[in-house]
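Visitor: Here it is, the structure, as structure tokens.
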Amino acid sequence: MRKRKEKRVPILLRIAVSLALIYILAPILVIIGSSFASVANLTFPPKGFSLRWYQEYFKDTGWLNATWISIKLAMIATACTVLLGSLSAYGIEKSKHRNMWLSFFTTPLTIPTIISGLALLQFYNFLEVERNFWAILSGHIVFVTPFVTRTMYTSFYRFNHSIEEASWVMGAGKVKTFLLIVLPAVKSGLMSSVFFAFITSFSNLTISIFLATGKNITLPIKIYTSASFDPTPVLSAISTIIIIITITVMMVMKHFGDHE
């Protein structure tokens, strides 16, 4: 049996790809490096080595409260959007007018987030709804659900529905079939939806800044205000922590995805 000849990648293409990767990763490396600086300015290469800025983050109640609010928002928003988005995507895939419904449910993706945030603010003012944690949460759900719907629709579209029909024939109800047959089969899409929903909600600034008050400052808002008025290496330390957590979660997801 003849061995398949490996295609040689042109040297210029390799160089171009390497330069592109360096360009993408360079800002991240600068952030990580500056988080270990011993001076109070955002400098790179870092002067000295210190964990001072990580310690300041964990000692500052303002930063910790903002982080906790963002985590709580992201967790609840993820649970709500994955449920709503999955059911919506499943219904859309079953519909005869799936293209029309998919366009309708994913319309918020085409609207700039600053306009969505302003519209929600005006809408809540009209209804005299207080700007609090639940108002921010509702904004996140409106913003994140279309992402989940789009992801889950792709997974349901690729699903072999003859398995689902066989389950119905064998006497399993629609709810039982959906929970025990359909969802496990689209596990990859479900995990991706959970990850992207959490990250999108956690990192959201535009929607949050319109609906937040002084009592409900999220981490992205606090990072933005700190970067505007008092930039310190604490920002780099926080960003480094978020980068490490994100990479870890992605590696865990890849591990489980490879073992399906």
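Visitor: Using 7 Å Cα-to-Cβ label points, what is the Val175/Asn41 separation (nm, one decimal)?
Guide: Placing both labels 7 Å along Cα→Cβ, they lie 6.5 nm apart.
Visitor: Met251 to Ser188: extension gain in nm, 0.36 nm per residue of separation minus the Cα-Cα distance?
Guide: The Met251-Ser188 span can extend by a further 21.3 nm.
Visitor: Same structure, new question: Would you mind pulling out the separation of the Cα centroids of the stretch 224-243 and the stretch 152-190, in Å?
Guide: 44 Å
Visitor: Relative to the present Cα-Cα distance, how much length would full extension add between Glu56 and Leu29 at 0.36 nm per residue of separation?
Guide: Length gained, Glu56 through Leu29: 7.6 nm.
Visitor: How many nm separate the modelled label positions at Ile76 and Thr107, each set 7 Å beyond the Cα in the direction of the Cβ?
Guide: For the pair Ile76/Thr107, the computed spacing is 2.7 nm.
Visitor: What's the FRET efficiency of Ile244 with Val17 using the Cβ-Cβ distance as r and R₀ = 25 Å, to the nearest 0.05?
Guide: With R0 = 25 Å, the Cβ-Cβ based efficiency is 0.50.
Visitor: Sticking with this structure for a sec: So, R0 is 35 Å and r is the distance between the beta-carbons of Ser228 and Leu127; what FRET efficiency does that work out to, to 0.05?
Guide: 0.70
Visitor: Here is a further query. Starting from 0.36 nm per residue, how many nanometres of slack lie between His161 and Leu64 once their C-alpha separation is accounted for?
Guide: The span from His161 to Leu64 would gain 30.3 nm if fully extended.
Visitor: OK, next. Anything over 31 Å Cα to Cα? Flag those among Lys72/Lys187; Lys187/Lys222; Lys72/Lys174; Lys47/Lys222, in the order listed. Please report the intermediate quantities before stating the final value.
Guide: Details: Lys72/Lys187 24 Å; Lys187/Lys222 35 Å; Lys72/Lys174 33 Å; Lys47/Lys222 26 Å.
Correct reply: Lys187/Lys222; Lys72/Lys174.
Visitor: For the charge dipole of the chain, defined by +1 on Lys and Arg C-beta atoms and -1 on Asp and Glu C-beta atoms about the Cα centroid, which residue among Ala89, Phe159, Leu29 has the Cα displaced farthest towards the positive pole?
Guide: Positive-end residue among those listed: Phe159.
FYI, it's all coordinate maths here, none of it is from the lab. Quick caveat, the model's predicted, so the values are computed rather than measured. Cβ coordinates were reconstructed from backbone atoms using ideal geometry, including for glycine residues, and neighbour counts include every protein chain displayed.
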